[in-house]
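Scroll down for the structure; my scribbles are underneath it.
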Amino acid sequence: MAPENHTATLPTPLLVEDEQERGYGHVLPLIDGNKTYSQVTEEVFSTTERMPPLKWWLALSVSLSLFLLGAWAVTQTVTRGIGTWGLNRTVGWAFDITNFVFWVGIGHAGTLISAILFLFRQRWRTSINRAAEAMTIFAVMCAGTFPIIHMGRPWLAFWATPYPNTRGPLWVNFKSPLLWDVFAISTYFIISLTFWYLGMVPDLATMRDRAKTKIRKAIFSIFSLGWNGSNRTWSRYETVYMLLAGLSTPLVISVHTIVSMDFATSVIPGWHATIFPPYFVAGAVFSGFAMVLTLMIIARNVMDLEEYITVRHLEAMTKVIIATGMIVGMAYGTEFFMAWYSGNDFERYVFLNRALGPFKWAYWSMVTCNVVIPQLFWIRKVRTTPWMIFILSIFVNIGMWFERFVIIVTSLHRDYLPSSWAMYTPTFVEVAIFLGSFGLFFTCFLIFTRLLPVIAASEVKGVLKHEEH
Amino acid sequence: MRSTDAITLTRFRASFADPHQLLEAVKRLKQEGYPVIDTYSPFPVHGMDEAIGLKPSRLPRACLAFGLLGLATALGVQIWTSAYDYPLIVGGKPLISLPAFIPVTFELTVLLAGLGVVGSLFVASGMRPKFKVPDLHPGVNDDRFVVAAEIQAGASFAGVEALMAGLGALETELLVDDKKQQDASLLDREAKPLAFLLAAAPAMLVLAALPLLNRNYLKRNLAWDGGMMAPVAYQAFDPHPSLPGGQVLQKPPAGTVSRKGLVPLSYGPGKAEAERAGLELKNPFQPSQENFSRGKLVYDRSCAACHGLDGDNNSSVIVARGLLAPAILVAPVVRNMPDGRIFHVTTFGGPEKMKGLGDLISREDRWKVVLYIRELQKAAAPKSSPVPAPANVPAPTPSTGATS
């Protein structure tokens, strides 16, 4: 623990949580370092007010380069056509939809942390929720690009919305899961953005009050909406925040449920399964928490936030990973049981082909990364050592990407007609778009870390409890 | 400041370093009878609502109302578009299939409830961009916990200051209704028309959508991007910047049936072109038994249905059904046409009724048909009477022979 940091005039905040009464064995502090309120303000906001360090610029240049590579690949796709991808008539969805589901899944942890953990009064969420929500928004942005590029003519993407048009008007097909996707993803994006912004208004007011230049003051005056910390406003604000959390909780579950219906409502063996919605939601939480861990472990190191994002936060997230990882593992087993129990030859063949066919390397990578390796989190030493968590979280990220690849490609490449069986190999353009989406994600995230407070200062101050006199 | 008269200076505020002290101060002020205006803090202080006497917010009702609005809108739009405005059966499902409408309904309910309740919060708390924030204590968004209250009638500011200091206040100050505050409210007043416009926008959208109910389907809608309506159609021999060889037409794939190296005809449709063809083209085939029989085969298959087996328009298909009679091929008009012109009409169609058959009959066969038509004309020359079909030509389709 960091050295005591008393000041003469201000009472010392204590690291208090009543977990011991709720039966926790060991308690690690929520926020380390015995911080005062003004210390929190200073440490959270000063990063947004000075020039970023060299390592930030290096990271930004790497991710911007990746983003530009992706932009080049998207240009290739749009100008030359979808033929630049490795898709064929049998495998019509592959890298693009894999990446779409992968990014949507990653987005789920942010809302889960900000909404569900809020409803469950898990106060450890306070120091990670801002960054996790930002991650959600950027991940959904990355996810949204893939179906839009896959349309071939992305400038006509607005055709997917119901509006009076020149074609009849011919309305969108409200009975199609692909349209449900449009509504689910855009609602999710808008509500997550609103939630994120609303949670940030008090902190934006702090930025406004600290602003030194006129332009900065003007910008934050606009976005902080005249916030003055009034208790009447706080009272309404908390009500609305609670309502938004209550709305976001079913929303986050609905989003991946609907994404899974893109597959489950089809008749492709390996997709046509009622297990898909819960299986996808658990997988989304699993991959989302892995990505939060990856990002947070980098952020706390690079930005010296070890005292805010403590080992206790990391440990709590690893527990979520074990739980959801085992749900996902059970789903893998259940799929095999259902294939066998269905008595359907095609269904049986698809699953045998997954485990033993030409894509078996992808299947077993998935099982290893998602089911076997996370079991190491049962060891407390692993749960509380950041670099070990980091490595394991990378494995989970890789494994969950493979899960979507396995579901999509192995189901499609050999279905009913053996004469139509085909293999799929991604082209350089597809890989470049995928790398570009990481570039977009990290570019947005890095800019966010320097432009806005990464830690929800007003919430963190609320969990620094004062010693009772 | 403190020397000014107390009549305008009836409000004060005191700041604390700790939320518990603030809560204590509010309770104490209430006890002593000072009307508490509000408290200001960097984070919500729990128990403060009860201490000030705030009732629970009514925003949840707004949330419910907006949610129901979203629900009704989603169901209404889906049912109206799918079952009434453009009824289209998809996948054999009923036009109104509620289970399939649930996902969109759910999403729109959440969307409107969420945006609506946040918008209601902004309206209820007057949250909008402000360049001068009213009642802002400089430290309140950092580490100060502030209470603002009115000075009780008859009480002195010194007494208030002492009371607050006793509760741990870091500073206590009188509040002035200064000009800055008035400026802020002036700004708010200016912002009102804007707020009104924002509130009226949804109503305007609804009004704009009303004409939808009474549309003229014959009139074409406006399109800002033609998209598929105006495709870029390349001609086979056009140059193309990005295709191999720099032209549109590419080497055909393996297995393509050859058209025997024919160069394209340099004619278009139309009477002038037909006359030009009549002057320029010569039948490359000589009359021979072989060419006649091929010509007859093609004629009987493709031409006789309208023009009659003898070219005399005696067709049971067209004339007997009262349709427009085709040209009489053995009439003097056609008889006087040059070969090239007949060939052109066969290829591109006639001026009125005939469609071009250039895509259906090979060029060679069309010339042979011209030869056969000449033969028909010769046969009909003395007098227009049916000529018995030559016995040495096999029937174009397998025939059982039982009916002949």
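Taking residues in region B:271-283 that are touching a residue at least 24 places away in the same chain (Cβ under 8 Å), and partners anywhere that are aliphatic (A, V, I, L, M), the pairs with Cβ atoms closer than 8 Å and at least 6 places apart or on different chains are B:274/B:345; B:278/B:337; B:283/B:370; B:283/B:371. Name the single residue, out of those in region B:36-59 being in a helix (DSSP H, G or I) and free of Cβ contacts under 8 Å to residues at least 24 places away in the same chain, that is nearest to residue B:112 (Cα to Cα). If we take residues in region B:36-59 being in a helix (DSSP H, G or I) and free of Cβ contacts under 8 Å to residues at least 24 places away in the same chain, then B:49 is nearest to residue B:112 (Cα to Cα).
Within region B:14-64, being touching a Leu at 6+ places or on another chain (Cβ under 7 Å), among the aliphatic types (A, V, I, L, M) and within 11 Å of another protein chain (Cβ to nearest Cβ) holds for B:17, B:36, B:45, B:48, B:51, B:59. Exactly one of these conditions fails for residue A:216: (1) within 14 Å of another protein chain (Cβ to nearest Cβ); (2) of a type in the set (Lys, Arg); (3) buried (at least 23 other Cβ atoms within 10 Å of the Cβ). Give me its number. (3) is the only condition that residue A:216 fails. When region B:117-155 is examined, which residues are found to be of a type in the set (A, V, I, L, M, F, W, C), more than 7 Å from chain A (Cβ to nearest Cβ) and within 14 Å of residue A:228 (Cβ to Cβ)? Hits for region B:117-155 are B:145, B:146, B:147, B:148. In region A:246-256, the count of residues that are buried (at least 21 other Cβ atoms within 10 Å of the Cβ), modelled with pLDDT under 95 and under 30 Å from residue A:349 (Cβ atoms) is one or more.
Of the residues that make up region A:221-238, is at least one in a helix (DSSP H, G or I), more than 7 Å from every other protein chain (Cβ to nearest Cβ) and more than 23 Å from residue A:147 (Cβ to Cβ)? Explain how you work it out, then say what you get.
Going residue by residue through region A:221-238, those that are in a helix (DSSP H, G or I) are A:221-223, A:231-238.
If we keep only those that are more than 7 Å from every other protein chain (Cβ to nearest Cβ) as well, we get A:223.
In the following step, the residues that additionally are more than 23 Å from residue A:147 (Cβ to Cβ) were identified as A:223.
There is at least one residue in region A:221-238 that is in a helix (DSSP H, G or I), more than 7 Å from every other protein chain (Cβ to nearest Cβ) and more than 23 Å from residue A:147 (Cβ to Cβ).
When residue A:309 is tested against (1) of a type in the set (A, V, I, L, M); (2) more than 10 Å from every other protein chain (Cβ to nearest Cβ); (3) farther than 19 Å from residue A:139 by Cα; (4) surrounded by fewer than 23 Cβ atoms within 10 Å (Cβ to Cβ), only condition (4) is not met. Apart from one condition, residue B:34 fits all of (1) in contact with a strand residue (DSSP E or B) (Cβ under 8 Å, 6 or more places away or on another chain); (2) closer than 26 Å to residue A:457 by Cβ; the exception is (2). Filtered by the rule that a residue be at pLDDT 50 or above and within 13 Å of residue A:461 (Cα to Cα), region A:9-32 gives A:30, A:31, A:32.
Out of all the residues in region A:89-106, which are small (Gly, Ala, Ser) and crowded, with 24+ Cβ neighbours inside 10 Å?
Residue satisfying the conditions is A:105 alone.
Tallying residues that are out of contact with any Pro (no Cβ under 9 Å at 6 or more places or on another chain) and modelled with pLDDT under 75 within region B:298-322 yields 5. Screening the candidates B:296, B:282, B:353 for the property of being closer than 16 Å to residue B:373 by Cα, among the basic types (Lys, Arg) and not in a helix (DSSP H, G or I) yields one hit, B:282.
The number of residues in region A:250-280 that are assigned to a helix (DSSP H, G or I), out of contact with any Phe, Trp or Tyr (no Cβ under 9 Å at 6 or more places or on another chain) and within 14 Å of chain B (Cβ to nearest Cβ) comes to 2.
With the condition kept exactly as written, say whether any residue in region B:273-287 is touching a helix residue (DSSP H, G or I) at 6+ places or on another chain (Cβ under 9 Å), modelled with pLDDT of 85 or more, small (Gly, Ala, Ser) and surrounded by fewer than 18 Cβ atoms within 10 Å (Cβ to Cβ). Break it down stepwise before answering.
Residues of region B:273-287 that are touching a helix residue (DSSP H, G or I) at 6+ places or on another chain (Cβ under 9 Å), as a first pass: B:273-287.
When the remaining residues are screened for being modelled with pLDDT of 85 or more, the result is B:273-287.
This time we only want the ones that are small (Gly, Ala, Ser), so: B:274, B:277-278.
Narrowing further to those that are surrounded by fewer than 18 Cβ atoms within 10 Å (Cβ to Cβ): B:278.
Checked region B:273-287: at least one residue is touching a helix residue (DSSP H, G or I) at 6+ places or on another chain (Cβ under 9 Å), modelled with pLDDT of 85 or more, small (Gly, Ala, Ser) and surrounded by fewer than 18 Cβ atoms within 10 Å (Cβ to Cβ).
Scan region A:167-190 and give yes if some residue there is under 30 Å from residue A:311 (Cβ atoms), among the aliphatic types (A, V, I, L, M) and in a loop (DSSP other than H, G, I, E, B), otherwise no. No, that holds for no residue. The set of residues in region B:97-116 being surrounded by 15 or more Cβ atoms within 10 Å (Cβ to Cβ), more than 9 Å from chain A (Cβ to nearest Cβ) and either outside any helix (DSSP H, G or I) or not β-branched (Val, Ile, Thr) (or both) consists of B:112, B:116.
Within region A:413-436, can one find any residue that is in contact with a Cys (Cβ under 8 Å, 6 or more places away or on another chain) and over 23 Å from residue A:129 (Cβ atoms)?
Keep residues of region A:413-436 that are in contact with a Cys (Cβ under 8 Å, 6 or more places away or on another chain), which gives none.
No - not one qualifying residue is present in region A:413-436.
When region A:150-205 is filtered for residues that are among the hydrophobic types (A, V, I, L, M, F, W, C), in contact (Cβ under 8 Å) with a residue 24 or more places away in the chain, more than 7 Å from chain B (Cβ to nearest Cβ) and closer than 18 Å to residue A:140 by Cα, the ones remaining, listed by number, are A:178, A:185, A:189, A:193, A:195, A:196. Looking at region A:328-359, which of its residues are within 30 Å of the chain's Cα centre (by Cα) and not in a helix (DSSP H, G or I)? Once the filter is applied, which keeps residues that are within 30 Å of the chain's Cα centre (by Cα) and not in a helix (DSSP H, G or I), region A:328-359 yields only A:359.
Assess whether residue A:263 counts as being of a type in the set (Phe, Trp, Tyr), surrounded by fewer than 24 Cβ atoms within 10 Å (Cβ to Cβ) and without any contact (Cβ under 8 Å) to a residue 60 or more places away in the chain.
It is false that residue A:263 is of a type in the set (Phe, Trp, Tyr), surrounded by fewer than 24 Cβ atoms within 10 Å (Cβ to Cβ) and without any contact (Cβ under 8 Å) to a residue 60 or more places away in the chain.
Annotation: of all residues in region B:72-84 being of a type outside the set (Gly, Ala, Ser) and either farther than 16 Å from residue A:161 by Cβ or surrounded by fewer than 18 Cβ atoms within 10 Å (Cβ to Cβ) (or both), the one that is modelled with the lowest pLDDT is B:84.
The values are calculated or read from the model by the stated rules, or taken from the named source; none is laboratory data. Everything numeric here is computed off the predicted structure, so don't read it as measured data. Glycine gets a Cβ as well: all are built from the backbone with ideal geometry, and neighbour counts include every protein chain shown.
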